[in-house]
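Notes for the one structure printed next.
Values in this text are rule-based calculations from the coordinates and carry no lab data. Because the structure is predicted, anything quoted here is derived from the model rather than measured. Neighbour counts run over all protein chains shown; Cβ positions are idealised from the backbone, glycine included.
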Amino acid sequence: MNLQAIAKEAGVSVSTVSKAFSGSREISPETRERIFAIARKNGCFDRYNKNKFPKHIIAVLLPELVSEHYGAIGALLDREITAAGGVMVASTTDFNATRTRELFDYYASYARADGIILVDPRGKVNNAGHTPAVAFTRVKQKNVDNVILDFYQAIEDCVRYLKEQGHTVIGFAGEQLTSAKQEHVCDAMRRLGLPIKQEHIKIAKTRFERAGEELAAAWLKEGKLPTAIITAYDHIAIGIIRYFRAHGVRVPEDVSVIGMDDIPVAPYFSTSLTSIHVYAEEACRTAVELILKKIKNQYYSTREEIVFPATFIARESSGKAPR
């Protein structure tokens with residue numbers, strides 16, 4: 001439908017239709033809405049509408065909001081985007097590759113976001129429209145920059161620390177969404193010459209603190225405790241420590257327990273939690289800077305990969321292996 005047809009149906013001149021789509025104050029709100037309604041009904045509103053929201057819209061695809069780690073990343077991104085004069089809109093993918101692709105397509109092709117940030121994306125996205133995009137992982141996808149929170153070296157540092165403390169029987173506690181961290185831990189143990197015992201690699205059906213309690217109960221029932229347990233994230237470690245202490249197992253005297261992500265309260269527990277610190281604040285700031293750089297310069301086509309290595313931090317929940 002062209003402007004002449006819209007003007008005829010609305011009972012106004014073509015000039016009035018053009019001014020309405022340009023945001024002219026000469027057009028009354030009633031007339032503008034009548035013109036817009038006709039254009040929407042005939043599927044041509046986006047083609048003619050020249051009004052644009054004055055701030056950059058950045059879509060953020062988070063896997064979830066219930067976990068402290070991803071909730072904090074969402075809050076950090078919102079702060080950085082707002083400070084840069086933009087507006088963040090967010091959706092959750094539930095760690096689902098199909099949903100990630102659908103949401104990316106929606107924001108790139110239909111909602112027409114100015115940029116998209118994927119946090120822990122699953123599967124490949126099709127960025128054929130060259131929407132400025134950043135992924136928080138190492139993925140070689142066309143037109144997508146990478147800002148990486150890298151646990152690899154920090155996990156090896158953790159395993160080396162435990163070996164130096166005399167630990168030779170090391171367990172891993174995770175859940176069904178943490179297979180990558182499990183692989184990193186096992187790889188580090190192989191490189192450092194430590195045995196991997198399958199009975200000490202435990203994956204919970206639940207999540208967070210409840211997962212920790214579930215796995216601690218399983219270890220106690222079997223009666224074969226490792227001398228150290230590396231967990232996929234801090235909340236699992238918290239659940240393990242709580243369950244062990246309720247059943248007479250001392251941390252770290254009997255078992256050392258290590259978390260990952262280094263949540264803000266980790267140093268403040270009665271026994272401060274050994275963990276792996278990720279530089280989420282710096283990564284979020286960099287992701288937003290990359291997005292804005294590409295929004296402001298449509299000819300900027302460099303694909304960047306920026307790595308933020310995590311840091312192992314030893315605290316009171318870990319120590320020497322028991323004799």
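Consider all pairwise Cα distances in the chain and report the whole-number % of them above 36 Å.
Working: 18858 of 52003 pairs.
When every Cα pair of the chain is considered, 36 percent fall beyond 36 Å.
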If the reach is capped at under 14 angstrom between alpha carbons, list the aspartates and glutamates near Lys221, excluding any in the same chain fewer than eight residues apart.
Glu199, Glu213
Which residues does a label at Phe95 reach in region 158-185, if reach means a backbone N under 13 Å from a point 7 Å past the Cα toward the Cβ?
174-182
Using alpha carbons only, what's the Rg to Rh ratio of region 149-279 with Rh from Kirkwood?
0.92
Inter-label distance, nm, simple model (7 Å from Cα along the C-beta direction), Glu289/Lys140:
2.6 nm
Where in the chain are the DSSP H helices whose C-alpha atoms run 15 Å or more along the long axis and whose mean Kyte hydropathy is at least 0.0?
68-83, 234-246, 280-296
If you filter region 224-317 for trypsin sites (Lys or Arg not before Pro), then keep DSSP loop positions with at most 15 other Cβ within 10 Å, what is left?
Lys224, Arg250, Arg303
Can you order the peptides 139-152, 17-30 by their average number of other Cβ atoms within 10 Å per residue, highest first?
139-152, 17-30
The chain, dipole about Cα centre (Lys/Arg Cβ +1, Asp/Glu Cβ -1), debye to the nearest 20:
940 debye
Links exceeding 32 Å between C-alpha atoms in this model, out of Lys197/Lys320; Lys55/Lys205; Lys8/Lys293; Lys181/Lys320; Lys19/Lys55, come to Lys55/Lys205; Lys8/Lys293
Nitroxide proxy distance, nm - points 7 Å out along Cα→Cβ at Glu26 and Arg190:
7.3 nm
Based on the Cβ-Cβ distance of Ile201 and Asp254, what FRET efficiency does E = 1/(1 + (r/R0)^6) give at R0 = 22 Å, to the nearest 0.05?
0.65
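Kirkwood Rh over alpha-carbon pairs of region 3-48, then Stokes-Einstein at 4 °C and 1.567 mPa s: what D in µm² s⁻¹, rounded to an integer?
Working: Rh = 10.1 Å.
Estimated via Stokes-Einstein, D reaches 128 µm²/s.
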In whole percent, the Cα-Cα distances of region 30-179 spread across 5 Å bins from 0 upward as 2, 8, 14, 17, 15, 12, 10, 8, 5, 3, 2, 1, 1, 1, 1, 0
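Based on DSSP H runs of at least 4 residues, each adding -39500 (n - 2.57), what is the mean residue ellipticity at 222 nm of the chain after dividing by all its residues, to the nearest 500 deg cm²/dmol? Walk me through the intermediate numbers first.
Working: 11 runs with 130 residues, N = 323.
Helix contribution divided over all residues of the chain: -12500 deg cm²/dmol.
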